[in-house]
Amino acid sequence: MAAGVYDISIFSNEWLIIRLTYKDSSGTPVDLTGYSALLEVGVVGCADPLLTVVPSLDAIGGIVATATLNQLTAAGIIVGTLFKHRLTIIKPSGEPKVVLTGKLKVVC
């Protein structure tokens, strides 16, 4: 299954919060027990991420990734610049799977 694409705009005084439920091809939430995940935010292209966040996962497919205003600012995520985000889950076997990607922009 291809990764979902979701472009995000947040205001300069907001946290970045992504909440989603990961489901299999039949629409059933996936038990994420034993999985891990990473949310990476960086500049356009394949450069190393400026910010990496470890989301919380639950047994009913829930994924919550949060970056505070202080984390965003410290990483150089600034107003008016276009960034990319990528959410990857890592299966218990170690196999990574990108589940969400898109653009991120901080606006005034």
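Since every read-out is calculated from the coordinates, none of them should be taken as a lab result. The structure presented is a predicted model; accordingly, all values stated were derived computationally and were not measured.
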Whole-Hz ³J(HN,Hα) from phi, Karplus 6.51 cos²θ - 1.76 cosθ + 1.60, for the range 67-74, glycine and proline x: 10, 6, 4, 5, 5, 4, 5, 4
Rel. contact order, % - alpha carbon contacts under 8 angstrom, at least six apart, the range 4-107: 36
Shape category assigned to the chain from the gyration tensor of Cα positions, a/c cut at 1.5: prolate
For the range 90-101, 3J(HN,Hα) per residue [Karplus equation, 6.51 cos²θ - 1.76 cosθ + 1.60, θ = phi - 60°, Hz, x = Gly/Pro]: 10, 5, x, 6, x, 6, x, 9, 6, 10, 8, 8
